[in-house]
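The values are calculated or read from the model by the stated rules, or taken from the named source; none is laboratory data. Computed from a predicted structure; not experimentally measured. Each accessible area value is taken on the protein alone, full model and side chains, heavy atoms only, with ligands, DNA and RNA left out. Shrake-Rupley method; radii C 1.70, N 1.55, O 1.52, S 1.80 Å.
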Amino acid sequence: MDTLELLAHPVRLRIVHAMSGGRELTTAQLCARIPDASKAMVYRHVDLLSNEGILEVADERRVRGAVERHYRLRLDRVTVDADAAAALSPEDHRRVFATSMAVLVAEFNAYLDRENTDPTADLVGYRQHAVWLSRDELEELIGDLRRVLLPRLRNQPTSERAQYLLSPIHFPVEEPTSSSRPDR
């Protein structure tokens, strides 16, 4: 199974999100993090991600006669390269985008369902901006975002940090034409 196929599932993608930042979590901890999925489903997907090399066992301990495994994410295995992305059909893009949106909705609902949720205090945002960009300007914007985001992707969990799900999404909503200039 290729990386894209592995990650194009809502529960598996949520597991990957939960494991980011160098975390080492047990399957039971992942079940608590993804309460709207059945325990059997989370265990099944952790097993699949482990068998496919996306997760690796970081530690094993005996707990009440059973072996408790702590898993860690293999960052080198969760990257979808440019060639794989270029090979996607429009239907593949629809499926992957729908999965991403399903995960976004599920994570936001899980956030809102927590006790003492305060979107204002937590600086929750879900804005969309329609911007006019040339190809060069879009590439510059993507570069700017990478310069801002990449260092923060290396942040490790601490008692002062909350994990935020950030989903930059960009696509053209209309084709450029000579007449698509703002009125003057």
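Could you tell me whether region 1-132 comes out rounded, prolate or oblate from its Cα gyration tensor? Rule is a ≥ b ≥ c as square roots of the eigenvalues, rounded for a/c under 1.5, then prolate if a/b exceeds b/c, otherwise oblate. Because a/c hits 1.5 or more and a/b fails to exceed b/c, region 1-132 counts as oblate. In the chain, the longest principal axis of the Cα atoms and the axis of helix 39-51 are about 80 degrees apart.
Computed from Cα positions, the angle between helix 90-113 and the longest principal axis of the chain comes to roughly 60 degrees. Against the longest alpha carbon principal axis of the chain, how many degrees, from 0 to 90 and to the nearest 10, is the axis of helix 135-153 turned? Result, in degrees: 20.
For the chain, what is the calculated [θ] at 222 nm in deg cm²/dmol (nearest 500), taking -39500 (n - 2.57) for each run of four or more DSSP H residues and dividing by its residue count? Don't jump to the answer; show the numbers that get you there.
On the way: 7 runs with 83 residues, N = 184.
Result for the chain: -14000 deg cm²/dmol, rounded to the nearest 500.
Over the chain, with the other protein chains present, what is the accessible area per residue in square angstrom, probe 1.4 angstrom? Kindly include the intermediate steps, with their values, before the conclusion.
Working: 13810 Å² over 184 residues.
Accessible area per residue: 75 Å².
Seen from all directions on average, region 1-75 presents a Cα convex hull projection of 4.8 nm². Restricting things to alpha carbons, find the Rg to Rh ratio for region 75-168 using the Kirkwood radius for Rh. A ratio of 0.99. Ligands, DNA and RNA left out, the accessible area of the chain computed with a 1.4 Å probe is 52% carbon and sulfur.
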